[in-house]
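Below: the structure, in structure tokens.
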Amino acid sequence: MSLEMKNVSHIYQKGSAKESYALRDICLNVNEGEFLGIAGHTGSGKSTLIQHFNGLLKPSSGEVIVDGVNINGKEAKNRLKALRMQVGVVFQYPEYQLFEETVEQDIAFGPRNLGLSDSEVQQRVVEAMELLKLSKKLRKKSPFDLSGGQKRRIAIAGVLAMKPKYLILDEPAAGLDPKGREEFLELTAELHRQGLTVVMVSHSMDDIARYAQRLVVLEKGSIKLEGTPQQVFAQPDILSEIGLGVPMLTSLLLELHEKGWDVRTDLFHPEDVKREILRELARRERQGGGV
Ligand SMILES: Nc1ncnc2c1ncn2[C@@H]1O[C@H](COP(=O)(O)OP(=O)(O)OP(=O)(O)O)[C@@H](O)[C@H]1O
Ligand SMILES: [Mg+2]
């Protein structure tokens, strides 16, 4: 089972003088269980792309296939709700979309619309709050009285309460302080470990490199690069051509390598990089060459 795009193009304001291609002939597969990162310069089409997966946007041409069914085709007609439910999309700054009086009501909004019983809705609210590490005490509070990070958790809890199989996040860590960022990204990784398929859009190459198993880099609506972080970041020239850099840790390792240090340049986790540098330092000391 997977999310799939077959030759998808999207034209905004088709037929008008302002007609513009936001996506061009995209072919992409998101396999069940994977963590896919989508990167690209501002305006490259990332948000347009992900909004096709839950049918919010329709392709101007091509097909979007969820678990084998073209979601814009005739065969999806009776199953559209069920198919869309599989795909949870968290928009950039989702906290601005909270609108109910209490936290509990906000999280319950989606599952209630699915026509579930009250007890099932309650159960889902409790589970989603636990997943997002939201204290039970917050249930009756107004979402507007909470911190930015808490609001974002509530918005995501609302999406998870629909029990999607695929979770798509548009810049989930944007605007959070470093600690909030780290907590959030760890949470995303944890949800992935628990079995969710995750697609994360991010400007931060560091975040993407650390968490994604596979990357897609968009440029002007087309896929420019695709592969594992190792494969993509081994092409810093192409990335810089389209205004993107490599992760900070990669550029540190590349610089050391250029200076003659015998270090790997394909590590992305801070702990791995630290270990690699310490190993090389120890080797240099043993050789008596100094650092
Ligand atoms: N509603 C719209 N009407 C017309 N053009 C749009 C609309 N939304 C986006 N676009 C245009 O489509 C292109 C892709 O936009 P999109 O928002 O998908 O990019 P993005 O990669 O998500 O950018 P960012 O990193 O800034 O979020 C841009 O040129 C943008 O101006
Ligand atoms: Mg965007």
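The values are calculated or read from the model by the stated rules, or taken from the named source; none is laboratory data. This structure is a prediction, so every number in the text was calculated from the model and none was measured. Virtual Cβ from ideal backbone geometry, glycine too; neighbours counted across all protein chains shown.
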Check your understanding: If we scan segment 115-124, do we find a residue that is buried (at least 19 other Cβ atoms within 10 Å of the Cβ) and either over 20 Å from Ile50 (Cα atoms) or not assigned by TED's automatic domain parsing to the domain that holds Gly45 (or both)?
Key -> yes
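One line per residue, one yes/no per condition, for (1) within 16 Å of ligand 2 (Cβ to nearest atom); (2) under 22 Å from Phe35 (Cβ atoms); (3) not charged (D, E, K, R):
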{"residue": "Arg181", "(1), (2), (3)": "no, yes, no"}
{"residue": "Thr188", "(1), (2), (3)": "no, yes, yes"}
{"residue": "Val199", "(1), (2), (3)": "yes, yes, yes"}
{"residue": "Phe268", "(1), (2), (3)": "no, yes, yes"}
Point to revise | Cross-chain or 6+ apart pairs with Cβ under 7 Å, segment 81-106 first and among the polar types (S, T, N, Q), then in a strand (DSSP E or B) and more than 16 Å from ligand 2 (Cβ to nearest atom) | key: Gln86/Val66; Gln86/Tyr166
Practice item. Tally the residues that are within 16 Å of Met85 (Cα to Cα) and touching a residue at least 12 places away in the same chain (Cβ under 8 Å), restricting the search to segment 107-124. Key: 8
Practice item. Tell me which residues, restricted to segment 4-15, are within 16 Å of ligand 2 (Cβ to nearest atom) and either among the basic types (Lys, Arg) or buried (at least 19 other Cβ atoms within 10 Å of the Cβ) (or both). Key: His10
Exercise for review: Kindly list, by first and then second residue, each pair from a residue in segment 253-281 that is farther than 22 Å from Ile208 by Cα to a residue that is polar (S, T, N, Q), limited to pairs with Cβ atoms under 7 Å and residues at least 6 apart or on different chains.
Suggested key: His257/Thr265
Review point. For segment 12-48, how many residues are over 11 Å from Val201 (Cα atoms), of a type in the set (A, V, I, L, M) and either in a strand (DSSP E or B) or within 12 Å of ligand 1 (Cβ to nearest atom) (or both)?
Key: 5
Study note, to complete from the structure: For segment 187-203, pairs from a residue that is outside the structural domain of Asp170 (by TED's automatic domain parsing) to a residue that is more than 16 Å from ligand 1 (Cβ to nearest atom), with Cβ under 6 Å and 6 or more apart or across chains, are none
Review point. In segment 16-23, is there at least one residue being within 16 Å of ligand 2 (Cβ to nearest atom) and closer than 19 Å to Lys165 by Cβ?
Key: no
Review point. If we scan segment 56-68, do we find a residue that is within 20 Å of the chain's Cα centre (by Cα), within 16 Å of ligand 2 (Cβ to nearest atom) and over 23 Å from Ala209 (Cα atoms)?
Key: yes
